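One structure is given here, and the rest of the page talks about it.
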Amino acid sequence: MTVCILGNGLTALTLAKALVNYKIDVDVLSNKKNYKINTLRTIGITKNNFDFFNKNITNIEKIVWKLKRIEIFSENLKKEKLINFKSNNDQLFSIFKNHKLYKQLEKDLSKNKFFKSKFYKEKNFFTLGKYDLIINCDSFNFITNQYFSNKIVKKYNSNAYVTIIKHDKILNDTAVQIFTKKGPLAFLPISNTETSVVYSVYNVNNYKNENIEQILKDKNFKYKIRKIEKIDSFELKSLNLRRYYHKNILAFGDLLHKIHPLAGQGFNMTIRDIQVLLKIIKKKIDLGLPLDTSVNSEFQKQIRHKNLIFSQGVDLIHEFFSIERIMKNSFLSKSLKTVSNYPAINKIFTKIADRGVLF
């Protein structure tokens, strides 16, 4: 029994490693021979997902930077702290560079006898008929266009600008999110001398990288910046796929859902998806049942509504601060600050961010 995974991005390799750990044969098929991963991109991972990753996929202890606190500010309150999430242990959230995880997964898989990586051309799609279960992690192939184009899409009229700043050495264990008048700005530490930056800017038509560099310098109140790396950008939109599978083909990763980066939850949603999928597959194997379309049906049944609720929750946060920005009023921020000061409510917010809705 061999599972086929289409695509060779970070999600595809993560899922492949999870499956081979269960001694399942996995063929990863890619139509790109030389896949390049952006060295500027970083990923945030919650404590719960970090523990799952270490136990069930691969140990990432050496490549993550652990954060003890997350602080939320608003320009409308003159940079008063709205919410302060903090951990009683050494980790609330962790950040790592995408390419470091990708290299580690590549290395782990190259040594695994259950894993094969193959190059294919779209004209050879007929060969997929030999697989009982196909998991599609590729957004740009024939299967995606034909079977997974029916989705709910929302465009934010915004671009995300991402870079890494190098700065003087400090104790760098606190992530900072500032809701500025132009959009949310996140400073995400990755070492005591480097911090990843994600700035989501509204109405971006007149913006250039030089503007963004100056804004980062102006809004930063914590770091003595030595260098700003190359700035990358991409359009922001959210999406939720209406149907997760077609027969024995399951869509996965960004094909299923994309959310606004303000909450740092995109890859966390994918890890939670993997947790659910692994439980379904393990149950099938334990019962001696084949891995077929019933896996896809059960996966959609268990996870689609949870992903939709979580995605809408992130979108609600975005709309909350968008309304305040348009109104030019601090009433909503003041209300949020008051509510979040209650320990019980703060604990609920932290748990939802860590585990996801209803997990």
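Taking the criterion of being assigned to a strand (DSSP E or B) and closer than 23 Å to ILE72 by Cα, the residues of region 234-264 that qualify are LEU236, LYS237, SER238, LYS258.
Please work out if ILE317 is at pLDDT 90 or above, part of a helix (DSSP H, G or I) and surrounded by 13 or more Cβ atoms within 10 Å (Cβ to Cβ).
On the way: at pLDDT 90 or above: no; part of a helix (DSSP H, G or I): yes; surrounded by 13 or more Cβ atoms within 10 Å (Cβ to Cβ): yes.
No: the conditions fail for ILE317.
The residues on offer are SER149, SER158, and the sole one that is part of a strand (DSSP E or B) and among the hydroxyl-bearing types (Ser, Thr, Tyr) is SER158.
Scanning region 191-207 for residues that are surrounded by 20 or more Cβ atoms within 10 Å (Cβ to Cβ), at pLDDT 85 or above and of a type in the set (Val, Ile, Thr) gives THR195, VAL197, VAL198, VAL201.
Could you tell me which residue of region 51-75 is farthest from THR39 (Cα to Cα), considering only residues that are aromatic (Phe, Trp, Tyr) and in a helix (DSSP H, G or I)? Selected residue: PHE52. Against the list (1) polar (S, T, N, Q); (2) modelled with pLDDT under 90; (3) within 30 Å of ILE212 (Cα to Cα); (4) surrounded by fewer than 20 Cβ atoms within 10 Å (Cβ to Cβ), the condition ASN88 fails is (3).
LEU278 meets the stated requirement of being aliphatic (A, V, I, L, M), surrounded by fewer than 21 Cβ atoms within 10 Å (Cβ to Cβ) and at pLDDT 95 or above.
With respect to ALA175, determine if the residue is small (Gly, Ala, Ser), over 30 Å from SER30 (Cα atoms) and assigned to a strand (DSSP E or B).
Working: small (Gly, Ala, Ser): yes; over 30 Å from SER30 (Cα atoms): yes; assigned to a strand (DSSP E or B): yes.
For ALA175, the condition - small (Gly, Ala, Ser), over 30 Å from SER30 (Cα atoms) and assigned to a strand (DSSP E or B) - is met.
For region 169-190, a residue qualifies if it is at pLDDT below 95 and among the basic types (Lys, Arg), and the qualifying residues are LYS181, LYS182.
To keep it simple, each residue is scored yes or no on (1) touching a residue at least 60 places away in the same chain (Cβ under 8 Å); (2) within 25 Å of LYS32 (Cβ to Cβ); (3) out of contact with any helix residue (DSSP H, G or I) (no Cβ under 6 Å at 6 or more places or on another chain).
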site: SER94; (1), (2), (3): no, no, no
site: LEU101; (1), (2), (3): yes, yes, yes
site: SER117; (1), (2), (3): yes, yes, yes
site: PHE140; (1), (2), (3): no, yes, yes
site: TYR161; (1), (2), (3): yes, no, no
site: ALA175; (1), (2), (3): yes, no, yes
site: PHE179; (1), (2), (3): yes, no, no
site: GLU194; (1), (2), (3): no, no, yes
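I'd like to check something: does region 276-296 contain any residue that is touching a His at 6+ places or on another chain (Cβ under 8 Å) and in a loop (DSSP other than H, G, I, E, B)? Among the residues of region 276-296, not one is touching a His at 6+ places or on another chain (Cβ under 8 Å) and in a loop (DSSP other than H, G, I, E, B), which makes the answer no.
Just name the residue that is farthest from the chain's Cα centre (by Cα) out of those in region 220-264 that are surrounded by fewer than 18 Cβ atoms within 10 Å (Cβ to Cβ) and free of Cβ contacts under 8 Å to residues at least 60 places away in the same chain. Applying the filter and picking the extreme gives LYS224.
The values are calculated or read from the model by the stated rules, or taken from the named source; none is laboratory data. Quick caveat: nothing in here was measured; it's all calculated off a predicted structure. All Cβ positions, even for glycine, are placed from backbone atoms using ideal geometry, and neighbour counts span all protein chains on display.
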